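The values are calculated or read from the model by the stated rules, or taken from the named source; none is laboratory data. The structure displayed is predicted, hence computed values, not measured ones. Cβ placement follows ideal geometry from the backbone for every residue including glycine, while neighbour counts extend to all protein chains displayed. Calculation scope for accessible area: heavy atoms of the full protein, side chains included, ligands and nucleic acids excluded. Shrake-Rupley method; radii C 1.70, N 1.55, O 1.52, S 1.80 Å.
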Amino acid sequence: MDERTSLPEHRRVLIALVALGLTTFVQLYYPQALIPALSRDFAVDASQAALTISGATVGLAVAALAWSWVADRIGRARAMRIAIVSAALIGLLLPFVTSFPLIVGLRVAQGVALGGTPALALAYLNEQVGRRAALTAGATYISGTVVGGLAGRLIAAPIADLADWRVAALVAGALSALGAAVTVIALPRERRAAGAEQPRHGMWQGMLVNLADPRQFALYAQGFLLMGAQVAVFNYLGYRLEMEPFGLPPALTAVIFLAGLSGAVSARLAATFAARFGRRRVLLASSLTMVLGAALTVPERLTSVLVGLLLFTTAYFSAHSIASGWVGPMATSGVTQATSLYTLFYYAGSSLFGWLGGLAFAAGWAGTAAMVIAIVLIAFTIARALLPDPAEEVRTQPPTRPYAAPR
């Protein structure tokens with residue numbers, strides 16, 4: 001809590017953002033645990049079944065900037081309420097659909113609705129919570145997104161194994177509806193009135209200014225490539241563990257998603273290390289650790305796979321929290337557009353590499369792992385070349401913008 005908010009209002013902000021993050025990521029990622037079941041039920045291959053993830057993330061990516069335009073006119077809190085309720089209603093319809101193309105289409109529509117949550121939540125947090133509380137508040141929001149993504153996967157997999165994927169989807173939809181209700185009730189209105197913000201640039205000008213900045217481009221590349229790597233791993237590793245030589249049942253393969261719990265810890269540690277050593281160093285070290293973790297998943301030994309997954313996931317959340325939290329402070333203007341562009345690139349990478357990972361999986365897990373390692377190394381190279389060193393970080397960071405990191 002700081003000078004911008006009273007203690008009760010600060011608590012409401014945290015409760016609302018945790019519920020928002022949880023609900024958003026339950027809806028986005030619970031089908032990840034159902035990909036093998038969907039593949040069997042609709043007689044589609046792994047890359048086609050993964051369209052239930054990629055479709056939602058494509059919708060979110062293309063809608064993020066439009067939601068920033070809407071939010072500037074009706075207010076971020078109101079826009080987030082509309083977005084999360086719309087997504088929850090679509091989620092409750094999905095279990096009753098019998099056509100696979102229609103399921104993918106509804107997932108795209110759900111992603112469009114969810115486009116009004118991640119980028120707006122970060123901008124809303126920047127407004128509501130000042131510098132002293134921003135680090136804790138940002139990490140709290142990350143925790144909500146981590147728990148949401150994890151809960152959706154862990155709930156869906158065993159239910160689908162015991163009943164079928166439709167029951168799992170209905171339970172996930174009900175959980176999301178509950179989270180949406182908490183968000184609507186708890187979320188305070190932002191301190192500025194809708195339409196009161198007068199940015200130096202309009203939406204398109206703000207986009208162009210940020211896209212032309214090599215440092216912002218480097219951060220967008222981190223979201224695009226690192227998120228793509230993470231989704232590829234989690235989309236197809238469950239498939240691998242159900243195959244020989246592992247032969248694990250679907251309910252047991254769901255435990256791989258427990259690795260996501262490390263994100264709640266590593267995001268907070270990343271902020272601590274960044275304050276001491278600089279964001280760039282932490283980001284680069286995290287990327288190299290992701291490479292090591294991905295390499296350890298290649299040997300056909302369950303212990304190696306699990307250790308590698310834990311290293312990879314821990315490092316991913318560390319890298320993502322640094323990159324996403326650096327976008328706002330790095331922006332010289334058009335902060336809303338800057339964070340929305342990060343969201344666009346982030347989910348575009350999820351969609352593209354989540355699908356390409358399935359094509360690479362045709363060559364076995366080694367093919368998917370090789371793709372993941374390659375794109376993480378590209379992200380490392382871009383960050384090393386374009387992002388400022390620790391001394392320059394201090395000179396370029398505007399003093400009034402807090403550090404905040406979404407999932």
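Annotations for the structure displayed:
- The orientation-averaged shadow of the Cα convex hull for segment 55-113, equal to a quarter of the hull surface, comes to 3.7 nm².
- Modelled FRET efficiency - R0 25 Å, residue 332 with residue 378, Cβ distances, 0.05 increments: 0.45
- Between residue 277 and residue 255, the FRET efficiency estimated from the beta carbon spacing at R0 = 56 angstrom works out to 0.95.
- Ranked by the mean number of other Cβ atoms within 10 Å of their residues, highest first, the peptides 21-30, 347-356, 81-90 fall in the order 21-30, 347-356, 81-90.
- At 1.002 mPa s and 20 °C, Stokes diffusion of segment 265-391 via Kirkwood alpha-carbon radius, µm² per second: 138
- Estimated translational D of segment 262-319 in µm²/s (Stokes, Kirkwood radius over Cα pairs; 37 °C; 0.692 mPa s): 289
- Distance histogram in 10 Å bins (all Cα pairs of segment 215-291, percent per bin): 15, 39, 29, 14, 3
- Förster radius 25 Å - calculated FRET efficiency between residue 370 and residue 304, Cβ distance, rounded to 0.05: 0.95
- Residue order by solvent-accessible surface for 42, 234 is 42, 234, largest first, with ligands and nucleic acids left out and a 1.4 Å probe.
- For segment 1-95, the Cα-based Rg and Dmax, in that order, read 17.1, 57 Å.
- Vicinal HN-Hα couplings computed from phi for segment 18-27 (Karplus, 6.51 cos²θ - 1.76 cosθ + 1.60; Hz; Gly/Pro x): 5, 5, 5, x, 4, 5, 4, 7, 4, 5
- Note on residue 45 and residue 243: the model spin-label points, each 7 Å out from Cα along the C-beta direction, lie 1.2 nm apart.
- The share of C-alpha pairs in segment 297-354 whose separation exceeds 16 Å stands at 59 percent.
- The modelled label-to-label distance between residue 359 and residue 389, using points 7 Å beyond Cα along the C-beta direction, is 4.0 nm.
- Remark: segment 207-251 is approximated by an ellipsoid whose semi-axes, taken from the C-alpha gyration tensor as √(5λ), come to 38, 8, 5 Å, largest first.
- Between residue 73 and residue 162, residue separation times 0.36 nm minus the direct Cα-Cα distance comes to 27.4 nm.
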